[in-house]
Amino acid sequence: MLMLRRALLGMLLVLQISATAAAGLIDADSFRPLTGDRRAYRPGDPLVVQVAESTVAESSAATGSRNDASFRAQLMDTTSDHRAGFGTLGADHGAGQTARKGRAFTQISARITQVLANGVLQIEGQHTLVINGEQQRISVSGVVRAEDIGPDNTVWSNRVADARIVIVGSGDVDRARKPRLLTRVRQWLGL
């Protein structure tokens with residue numbers, strides 16, 4: 001009986017030690033079971049923003065006015081007929097039109113930088129690409145609801161609130177598209 005008691009106490013001691021060791025191996029804040037959802041949800045987790053933006057803006061305006069005023073006087077005498085007249089006629093017309101189109105289709109990796117108090121995720125990411133000396137930098141930031149993140153950790157750009165998507169290029173092509181100094185001076189002088 002004494003042997004049985006010692007064996008049981010030894011097994012309880014082993015179970016208690018292994019339970020304590022197992023509890024130290026698992027961090028309850030970051031634990032995810034193997035069958036759990038793998039979507040990004042905490043700071044540092046990566047996700048992919050699918051940027052699909054297309055904008056078209058058009059504006060036009062037209063104004064017009066017309067003023068007519070006339071004054072006539074006629075003098076008659078018996079020998080000749082003298083007439084005199086005065087009149088003004090004015091017209092003013094103006095028109096203006098603007099049109100702008102923009103398109104951006106790309107994918108950019110971002111990271112969750114902060115989980116806000118209401119569970120909304122703040123994200124930020126940037127991507128720099130250099131091809132033949134031309135540098136293109138794409139950056140994205142904003143806030144995302146966790147339920148808008150797909151099972152493959154992607155989110156569409158139209159689901160990013162307060163989105164700021166910036167695409168900037170620099171290099172020879174960018175410099176070539178800018179007007180030369182003489183052209184800019186003439187434009188500034190209105191010539």
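Bear in mind these aren't lab numbers, they're just calculated from the coordinates by the rules spelled out. Keep in mind that this is a model prediction, so the values were computed, not measured. As a convention, Cβ positions derive from the backbone with ideal geometry for all residues, glycine included, and neighbour counts pool all protein chains shown.
A few remarks follow.
- Note on Glu53/Gln135: beta-carbon distance plugged into 1/(1 + (r/R0)^6) with R0 of 22 Å gives a FRET efficiency of 0.55.
- Per-residue ³J(HN,Hα) for the range 2-8, Karplus 6.51 cos²θ - 1.76 cosθ + 1.60, θ = phi - 60°, Hz, x for Gly and Pro: 4, 5, 5, 5, 5, 5, 5
- Other residues lying with their Cβ under 15 Å from the Cβ of Glu58 contribute a combined charge of +2, Lys and Arg counting +1, Asp and Glu -1.
- Footprinting exposure proxy for Val168, Val120, Val48 (fewest neighbouring C-beta atoms within 10 Å first): Val168, Val120, Val48
- Global size of the range 94-141 as Cα Rg and Dmax, reported in angstrom: 17.6, 54
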